[in-house]
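**Student:** Got a structure for you, questions after.
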Amino acid sequence: MSFAVITQTLLEGFLITILIFIITLVFAIPLGLIVSFGSMSRIVPLRWLTRTFVWIIRGTPLILQVIIVFYGPGLIWGWTAFPRLEAVLIAFVINYAAYFSEIYRSGIESIPRGQYEAAQVLGMTKAQIFFKVILLQVIKRIVPPMANEIITLVKDTSLARVIAVREIIMEAEDFIKSAAIIWPLFYTGVFYLLFCGILTLLFNYLERRLSYFKV
Amino acid sequence: MSILEVKNLKKSFGLSIVLENISFSLDKGESLAIIGSSGSGKTTLLRCLNFLEIPDAGTINVGSETIFDGNNPATLPDKEIRKRRLHFGLVFQSFNLFPQYTALKNITLACELLAKERSDYKENRKSIIADIEKKARTLMDQVGLSGKLDFYPHQLSGGQQQRVAIARALALNPDILCFDEPTSALDPELTGEVLKVIKSLADKRMTMVIVTHEMQFAREVSDKVLFIDNGIIVEYGTPEEIFVNPREERTKQFLERYSG
Ligand SMILES: Nc1ncnc2c1ncn2[C@@H]1O[C@H](COP(=O)(O)OP(=O)(O)OP(=O)(O)O)[C@@H](O)[C@H]1O
Ligand SMILES: [Mg+2]
C-alpha cells in the first residue's frame, strides 16, 4: 500500500470531514441566532420551550443525536430514513445551533444596559442600536468562545462514522483491517492538526482585528 | 417663560412609590440642582424626563409642547418617543461611551443617523456630514479635548470620557441637558475638570438639570435647588434659600451630613 494511495484515500475522507464542518457552520451560525432570540424572548412559553430544547440538545451526546436522526424516523414513524450524510448534517446543525445560541445569548446579555440607554437617549431606533452599537461589541465578546466551539466541531466530525459516513478516521481504520497497518490513523492526526492550526491562526487574526477597542 | 414644566409627576415600581407629586419649573438658561440622599428617586426623575421610564401620572411640558400627559397615556409609537426625548440630553454617571468608536465618532454617530431622516440628505450628504464633524470638533474643543479626537474610550481617563459624553449629548442640541451624578464614578482628582465644563455651560446659559452630591458645586452653579427625599420634594428654592436658610428640618439634617 503506497503512501500516495493512502494519502489519496485519506484526502477523500477528509473532504467529507470538511464538508460536514462547513455545512454545519453555514447553517448553525444563523440558526443559533434565531434560537438565541427565542431563548431571550419576552414570550414566556416560547422562551421556556427554546431553553428546554437547548438544554436537551446540550445535555445529551451528539453521537446519540446522530443515531436518532438516522434511525428514528424509520423506526418510529416508518418513514424512509435520511441518507447517511444528510442525517449527520441535520444532527450536527441542530446540535451546534444550540451551542452557538448559548454563546450568542451570553454575549448579548453581557452588554451593559447603559449602552442601550445611551443610544436610546441619543434618539436611535432599535435597529440602529443593535447594528451600530451592540453588534460589534457582541462579536468581540463571542469570538473566543466561538473559536473554541468551532475547533471542537472539527474533531466532532469524526462521530459521523457511527452511521458509516466515510470521514477520514473511518477511511484510516479500514487500513487496519485491509492491510494491517496502523500508521494511516496517526497520519489522520496531521490533517486535523493542520486544519485546526489554520483555524487558530484565523481566529487570532480576528481577535487582533477587534483589539482596537475594549468592552 | 419656563422651558420645562413638570406637574404632579408620579412613578412607582410595583407597589413601591418612588416619585410622588413632583412639580417644578425651569426657565430657559437656568440650572436646577437636584439633591437628596441615596434611593430618594433622583435618577428615576431624570429617567422619566428622558423617556427611559414612563411615569404613572403627571405632565411634562417643554416650551409649549406637552411631551408627556399622564391623563392621556396613549402608548406612543417609537418614532414619536424618539422625537420627544430629543428635547433632553442625558449624561450618565457611568459615561456609557460606545467603546468601538473614537471620541469624535461617539459624538457624530447619532447626528449622522438622524441626518439620514432629513429629506435633503441624499443631495447634500457631503456637506451635512462635514457640518456634523465640524460641530463635533468644536464641541471637543469646548470640553478641552481637541487633542483626543481619535482616541478610543479605553484610552481616555474617566474625566475625559465624561467630557466626551457631555459633548456627545450637546451635539444633538437638546433644550435641556440632564446630568446624573456626573462625577460620582470619578477619582476625586478628576472631578474638577468635569465640573469646570458643566460650569462653563451654565455660564453660557445652557438649561440644565443636575443631580449631584457635590454640594459646593450645586450651590455655585445652580439657579434653583430641589431637595428630594423619599420621592417627595421637601424643599425647592434658590441656592441661598436651600443652603443658607433651609426651612425644613429634613433639609438641615441632609445638608449637615453632606457638608461633613
Ligand atoms: N427599575 C426599578 N425597579 C424597581 N425599583 C427601582 C427601579 N429603579 C429604581 N428603583 C427604586 O426606586 C428608588 C429610587 O431609586 P433612584 O435610583 O431613583 O434613587 P437615587 O436618588 O438616584 O439614588 P442614588 O443617589 O443612590 O443614585 C430606590 O428605592 C430604587 O430601589
Ligand atoms: Mg441615582
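**Student:** Take A:Tyr187 and tell me if it is modelled with pLDDT of 95 or more and either of a type outside the set (Phe, Trp, Tyr) or out of contact with any His (no Cβ under 8 Å at 6 or more places or on another chain) (or both).
**Tutor:** It is false that A:Tyr187 is modelled with pLDDT of 95 or more and either of a type outside the set (Phe, Trp, Tyr) or out of contact with any His (no Cβ under 8 Å at 6 or more places or on another chain) (or both).
**Student:** Would you confirm whether any residue within segment A:56-74 is closer than 16 Å to A:Thr152 by Cα, crowded, with 16+ Cβ neighbours inside 10 Å and in contact with a Pro (Cβ under 9 Å, 6 or more places away or on another chain)?
**Tutor:** Checking segment A:56-74: not a single residue is closer than 16 Å to A:Thr152 by Cα, crowded, with 16+ Cβ neighbours inside 10 Å and in contact with a Pro (Cβ under 9 Å, 6 or more places away or on another chain).
**Student:** OK, next. Taking only segment B:94-110 into account, find how many residues are assigned to a helix (DSSP H, G or I) and either in contact (Cβ under 8 Å) with a residue 60 or more places away in the chain or not basic (Lys, Arg) (or both).
**Tutor:** Number satisfying all stated conditions: 7.
**Student:** Further, regarding this structure: Scan (1) in a helix (DSSP H, G or I); (2) touching a helix residue (DSSP H, G or I) at 6+ places or on another chain (Cβ under 9 Å) for the single condition B:Lys126 breaks and write down its number.
**Tutor:** Result: B:Lys126 passes all but (2).
**Student:** Within the group B:Glu123, B:Glu189, B:Glu181, B:Glu133, which residue is charged (D, E, K, R), more than 11 Å from every other protein chain (Cβ to nearest Cβ), surrounded by fewer than 23 Cβ atoms within 10 Å (Cβ to Cβ) and on the phi > 0 side of the Ramachandran plot?
**Tutor:** B:Glu181
**Student:** Limited to segment B:36-60, what total is found for residues that are more than 6 Å from ligand 1 (Cβ to nearest atom), touching an Asp or Glu at 6+ places or on another chain (Cβ under 6 Å) and of a type in the set (Val, Ile, Thr)?
**Tutor:** Final tally of qualifying residues: 1.
**Student:** Taking the options B:Val164, B:Val209, name whichever one is within 14 Å of chain A (Cβ to nearest Cβ), among the hydrophobic types (A, V, I, L, M, F, W, C) and farther than 30 Å from A:Gln137 by Cα.
**Tutor:** Just a single option satisfies the conditions, and that option is B:Val209.
**Student:** Among the numbered criteria (1) under 22 Å from A:Ala127 (Cβ atoms); (2) within 16 Å of ligand 2 (Cβ to nearest atom); (3) of a type outside the set (D, E, K, R), which one does B:Gln93 miss?
**Tutor:** (1)
**Student:** Can we say B:Gly89 is surrounded by 15 or more Cβ atoms within 10 Å (Cβ to Cβ) and either under 30 Å from A:Lys214 (Cα atoms) or within 16 Å of ligand 1 (Cβ to nearest atom) (or both)?
**Tutor:** yes
**Student:** Turning to a different aspect of this structure: Give the number of residues within segment B:142-156 that are assigned to a helix (DSSP H, G or I), surrounded by fewer than 17 Cβ atoms within 10 Å (Cβ to Cβ) and either within 16 Å of ligand 2 (Cβ to nearest atom) or more than 11 Å from chain A (Cβ to nearest Cβ) (or both).
**Tutor:** 2
**Student:** With respect to A:Ile129, determine if the residue is in a helix (DSSP H, G or I) and surrounded by fewer than 20 Cβ atoms within 10 Å (Cβ to Cβ).
**Tutor:** It is true that A:Ile129 is in a helix (DSSP H, G or I) and surrounded by fewer than 20 Cβ atoms within 10 Å (Cβ to Cβ).
**Student:** OK, next. Kindly establish whether A:Ala118 is farther than 30 Å from B:Phe88 by Cα, surrounded by 15 or more Cβ atoms within 10 Å (Cβ to Cβ) and either over 15 Å from the mean Cα position of the chain (by Cα) or polar (S, T, N, Q) (or both).
**Tutor:** So A:Ala118 does not fit the description; no.
**Student:** Also: So the check is Cβ under 9 Å with 6+ separation or different chains; which pairs have a first residue in segment B:19-40 that's without any contact (Cβ under 8 Å) to a residue 24 or more places away in the chain and a second one that's away from ligand 2 (no atom under 14 Å from the Cβ) and hydrophobic (A, V, I, L, M, F, W, C)?
**Tutor:** Close Cβ pairs (under 9 Å, with a partner that is away from ligand 2 (no atom under 14 Å from the Cβ) and hydrophobic (A, V, I, L, M, F, W, C)) amount to B:Ser25/B:Ile3; B:Ser25/B:Leu4; B:Ser25/B:Val6.
**Student:** State all residues of segment B:22-49 that are within 11 Å of ligand 2 (Cβ to nearest atom) and not basic (Lys, Arg); if no residue qualifies, say none.
**Tutor:** B:Ile34, B:Gly36, B:Ser37, B:Ser38, B:Gly39, B:Ser40, B:Gly41, B:Thr43, B:Thr44, B:Leu45, B:Leu46
The values are calculated or read from the model by the stated rules, or taken from the named source; none is laboratory data. Just so we're clear, the structure is a prediction, and the values are computed from it rather than from any experiment. Every residue, glycine among them, receives a Cβ derived from its backbone with ideal geometry; neighbour counts consider all protein chains shown.
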